1. Picking from Ser36, Val98, Leu83, whose Cα lies most toward the positive end of the charge dipole for the chain (charges on Cβ: Lys, Arg +1; Asp, Glu -1)?
2. Relative to the longest principal Cα axis of the chain, at what angle does helix 13-23 sit, 0 to 90 degrees, rounded to 10?
3. Pop a pseudo-label 7 angstrom from the Cα along the beta-carbon direction at both Asn30 and Arg172 and give the gap in nm to one decimal.
4. Report, in deg cm²/dmol and to the nearest 500, the calculated mean residue ellipticity at 222 nm for the chain, where each DSSP H run with n ≥ 4 adds -39500 (n - 2.57) and the sum is divided by the residue count.
5. Specify the angular offset, from 0 to 90 degrees and rounded to the nearest 10, of the alpha carbon long axis of helix 206-216 from the longest principal axis of the alpha carbons in the chain.
6. What does the charge dipole of the chain about its Cα centre add up to, to the nearest 20 debye, if the Cβ of each Lys and Arg holds +1 and the Cβ of each Asp and Glu holds -1?
7. Output the 0 to 90 degree angle, nearest 10, between the alpha-carbon long axis of helix 163-186 and the longest principal axis computed from the alpha carbons of the chain.
8. Taking amide hydrogens as modeled 1.01 Å from N in the peptide plane, which residues meet the under 5 Å criterion relative to Ser36, leaving out close sequence neighbours?
Amino acid sequence: MKKIVILISGRGSNMEALIAARDAGNLPVNIAAVISNRPDAAGLETAARASIPTHFINHKAFAGREAFDSRLAQCIDEFEPDLVVLAGFMRILSDGFVRHYAGRLINIHPSLLPSFPGLHTHQRALEEGVRIHGCTVHFVTPALDHGPVIVQAAVPVLDGDDEASLAARVLRQEHLVYPQAVRWFAEGKLTLENGRVRLAAELAEPAALVSPVLAASGIR
Ligand code: GAR
């Protein structure tokens, strides 16, 4: 069974979705550890309650990004994970760190990349007046919020939306697509070819990719 390590900085609801999928028998992975760069990350308690080993590495205790990243990598590598899963890990990662985990480091971002990299994605989507917003799971490359896309989920932006309502609609999709993407990885159904993700033939059907997501959005 593939081993994963999850990195968080806060609430950890995406991490929770991964744990729930594992517990429901829908995600055949061993969650070897959860690591946070913040001591007060609520997700640490959730992970501990699920009997997953937790670690906290304070980025403020290190002189620079490289020093922190190298301690973080040391901690991760002790678990020998097949995949490192960023789940609301709010740190920019150094090139060396990203290269070390090339092809086995994934992230979820609350926008349809390449639109709205960075912070405040929902507010910016509202300000731009886009009609479709969403989230993206992607392999991490040195460029921030960039890299080969694994799966995306789209949601409509409604006239009455504010940042909170839009964020909540997107988050519901995050909780569906992140376990799905990790499962595809665990089952060997993802390959990287020339910087693009290829999915196993049965997944590449438009119906398999799009319909469940739209149906699950709860919006007709
Ligand atoms: C999620 O919306 C995730 O997409 C976002 O932070 C939130 C974490 O929530 N990540 C990023 O913005 C990374 N660029 P969670 O802690 O409840 O999973």
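Read the figures in this text as sums done on the coordinates, not as results from a lab. No experiment lies behind these values; they were computed from the predicted model shown. With ideal geometry, Cβ positions are generated from the backbone for all residues, glycine too; neighbour counts draw on all protein chains shown.
1. Leu83
2. 80
3. 3.6
4. Numbers: 7 runs with 81 residues, N = 220.
Result for the chain, helices only: -11500 deg cm²/dmol.
5. 90
6. Details: 21 positive and 23 negative charges, 44 e Å.
The dipole of the chain has a size of about 220 debye.
7. 60
8. Result for Ser36 returns Ile8, His55, Phe56, Ile57.
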